[in-house]
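Peer 1: I have a structure I would like to understand better, so I am pasting it below and will then ask my questions one at a time.
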Amino acid sequence: MIGRLNHVAIAVPDLQAATAMYRDTLGASVSDEQALPEHGVTVVFVELPNTKVELLHPLGEASPIAKFLENSPAGGMHHICYEVSDIIAARDQLMESGARVLGDGEPKIGAHGNPVLFLHPKDFTGTLVELEQV
Ligand code: CO
């Protein structure tokens, strides 16, 4: 069902510092900051030869990242995103197998303009999983 690793998302308390660390210490190519108010985050994309890392910082009061950073003030891995070719078929197959889909179960448009869904971390070895239709 799942295909390529699309990205790993890391929640960070200081977006400028995290961006500088990836750019200057690790020598990676990084994007400008991008505000995504509908997702409650500001994002910087770190472009790697085979995948991306997304640095997530809370935006607004109801940010889903705020609570994560309260529990992990230094930041940490927030989710991992796998590509699927048909997100509805993937969702239906997963729900049939007993996995929990977060929210109302309907795909939303993610940071890259593609439909995405999130799966409950307790069903996936403690990792929040994002599926992105590519
Ligand atoms: Co993501």
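Peer 1: Relative contact order for segment 5-133: what is it in percent, counting Cα pairs under 8 Å that are at least 6 residues apart?
Peer 2: Over segment 5-133, the number comes to 24 percent.
Peer 1: Count charges around F45 for me, please; just the other residues with Cβ under 13 Å from its Cβ, Lys/Arg as +1, Asp/Glu as -1.
Peer 2: Here the charged neighbours net out to -2.
Peer 1: Take E106 and I2, extend 7 Å from each Cα along the Cα→Cβ direction, and tell me the distance between the two endpoints in nm.
Peer 2: With each label point 7 Å from Cα toward Cβ, the separation is 2.6 nm.
Peer 1: Give the angle, between 0 and 90 degrees and rounded to the nearest 10, that separates the Cα long axis of helix 87-96 from the longest principal axis of the Cα atoms of the chain.
Peer 2: 60 degrees
Peer 1: How far apart, in nm, are the 7 Å Cα→Cβ label points at M95 and H120?
Peer 2: 1.3 nm
Peer 1: Heavy atoms only, 1.4 Å probe, whole protein assembly: order L59, L69, L26 by accessible area, highest first.
Peer 2: Reading off the accessible areas and sorting them downward yields L26, L59, L69.
Peer 1: Carbon and sulfur together cover what percent of the accessible area of the chain at a 1.4 Å probe radius?
Peer 2: 54 percent
Peer 1: Full-extension gain between A17 and S85, please, as 0.36 nm times their residue separation minus the C-alpha to C-alpha distance.
Peer 2: Using 0.36 nm per residue and subtracting the Cα-Cα distance, I get 21.0 nm.
Peer 1: For the residue pair S29 and V134, what label-to-label distance in nm results when each label sits 7 Å from Cα along the Cα-to-beta-carbon direction?
Peer 2: For the pair S29/V134, the computed spacing is 1.6 nm.
Peer 1: Here's another thing I want to ask about it. Tell me what the chain gives for mean residue ellipticity at 222 nm when only DSSP H runs of n ≥ 4 count, each as -39,500 (n - 2.57), the sum divided by the residue total, rounded to 500 deg cm²/dmol.
Peer 2: Computed ellipticity for the chain at 222 nm equals -5000 deg cm²/dmol.
The values are calculated or read from the model by the stated rules, or taken from the named source; none is laboratory data. Values in this document were obtained by computation on a predicted structure and should not be read as measured data. Because the Cβ atoms are built from the backbone with ideal geometry, glycine has one as well, and the counts that use them run over all protein chains shown. Heads up: the accessible areas ignore ligands, DNA and RNA and are worked out on the full protein's heavy atoms, side chains in. Shrake-Rupley method; radii C 1.70, N 1.55, O 1.52, S 1.80 Å.
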